[in-house]
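Asks: Got a structure for you, questions after.
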Amino acid sequence: MEDFTKDCASWTKGNVALLKYHKEEWCKVSHDERYLFEMLCLEGASVGLSWWLIMRKRSEYKRAFCNFDVSKCTQLTDKELDDILTKYDIVKNKSKVYSVRSNALAYINIQKEFGSFDKYIWSFTNGRSIVNHPKTVSEVQTQSKLSSVISQELKKRKMKYVGSIITYSYLQAIGIINDHLDNCKYKYKN
């Protein structure tokens, strides 16, 4: 197994699933509405927990939440959400599970107002990725002025689990922020 302790993938700690995410998704530009919603939900689920835990349960989240079909998620009833808590191997946090529906409703409203969530979220950077040039893992930020601004905007639109730190992680997940280290072989895969 490769030694990741000194490179961009050190946060994966050699975990195969996290390394795959790092190689194929993390900081990769996405304009896919379904994926943007999925990552918003998964990042919210990760609040206070490890990303590895969420990635380990990702397939169950997809099954529980209709593959993150935003329209279907807006229609989930309280009973269906309560059933999700007991029937699926996801984080058993009622507030986080219910936030998928409320965030889906807010997401749909943003789509209606802006034409797509993609147009809305990428408007904060005029459609461009911010490519940071960290040389070491310790230089990678956990939040920024941009993530704080977007966090406040999402909260105003009634989204939950979108604090500045989680929003920063979300921006990395969808490629608005690229924090691969300069020496990372996956940095320019976008």
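The values are calculated or read from the model by the stated rules, or taken from the named source; none is laboratory data. If you're wondering where the values come from, they're calculated on a predicted model, not measured in any experiment. Note that each Cβ is placed from the backbone with ideal geometry, even for glycine, and that neighbours are counted across all protein chains shown. Note: areas computed on protein heavy atoms with side chains; ligands, DNA, RNA excluded. Shrake-Rupley method; radii C 1.70, N 1.55, O 1.52, S 1.80 Å.
Asks: Cα to Cα, under 17 Å, and not fewer than 8 places away if on the same chain: which lysines meet these conditions relative to Lys23?
Replies: Correct list for Lys23: Lys6, Lys13, Lys185, Lys187, Lys189.
Asks: Same structure, new question: How large is the helix-only mean residue ellipticity at 222 nm for the chain, computed as the sum of -39500 (n - 2.57) over DSSP H runs with n ≥ 4, divided by its residue count, in deg cm²/dmol to the nearest 500?
Replies: After summing the helix terms and dividing by the residues of the chain, the value is -15500 deg cm²/dmol.
Asks: Related question: If we restrict to alpha carbons, what Rg and Dmax does the chain come to, in Å?
Replies: Reported Rg and Dmax, both Å: 16.4, 49.
Asks: Further question on the same structure: Please say if the range 71-138 is rounded, prolate or oblate, where rounded means a/c under 1.5 for a ≥ b ≥ c the square roots of the C-alpha gyration tensor eigenvalues, and otherwise the choice is prolate for a/b larger than b/c and oblate otherwise?
Replies: Judged from the Cα gyration tensor, the range 71-138 comes out oblate (a/c at least 1.5, b/c at or above a/b).
Asks: Also, quick follow-up: Any chance you could check the Cα centroid distance between the range 64-90 and the range 113-139 for me, in angstrom?
Replies: 29 Å
Asks: Roughly how tilted is helix 164-173, in degrees to the nearest 10 and between 0 and 90, from the longest Cα axis of the chain?
Replies: Value to nearest ten degrees: 70.
Asks: Angle check, please: helix 78-87 long axis (alpha carbons) against the longest principal axis of the chain (alpha carbons), in degrees 0 to 90, nearest 10.
Replies: Result, in degrees: 50.
Asks: Let me ask something else about it. Under 23 Å Cα-Cα from Lys112, which lysines qualify once same-chain neighbours fewer than 8 residues away are excluded?
Replies: Excluding near neighbours in sequence, the set is Lys72, Lys155, Lys156, Lys158, Lys160.
Asks: Among the trypsin sites (Lys or Arg not before Pro) within the range 82-152, which fall in a DSSP loop and have no more than 16 other Cβ atoms within 10 Å of their own Cβ?
Replies: Lys92, Arg128, Lys135
Asks: Under the Karplus relation 6.51 cos²θ - 1.76 cosθ + 1.60, θ = phi - 60°, what is the ordered set of whole-Hz ³J(HN,Hα) values for the range 148-154, x standing for Gly and Pro?
Replies: 5, 5, 5, 4, 4, 5, 5
Asks: Further, regarding this structure: Would you pull out the residues with amide H under 5 Å of Ile130's amide H, same chain only if 5 or more places away, H placed 1.01 Å from N?
Replies: Residues meeting the amide H criterion: Ile177, Asn178.
Asks: If I fit a long axis through the Cα atoms of helix 33-45 and take the longest principal axis of the Cα atoms of the chain, what angle between them do I get, 0 to 90°, rounded to 10?
Replies: The answer is roughly 90 degrees.
Asks: For the range 19-95, state what percent of all Cα-Cα pairs lands in each successive 5 Å bin, counting from 0 Å until the bin that includes the largest distance.
Replies: Over the range 19-95, the share of Cα pairs per 5 Å bin runs 3, 14, 25, 28, 17, 9, 4, 0 percent.
Asks: On to the next question. Hey, what's the chain come to in accessible area per residue, 1.4 Å probe, Å²?
Replies: Result: 51 Å² of accessible area for each residue.
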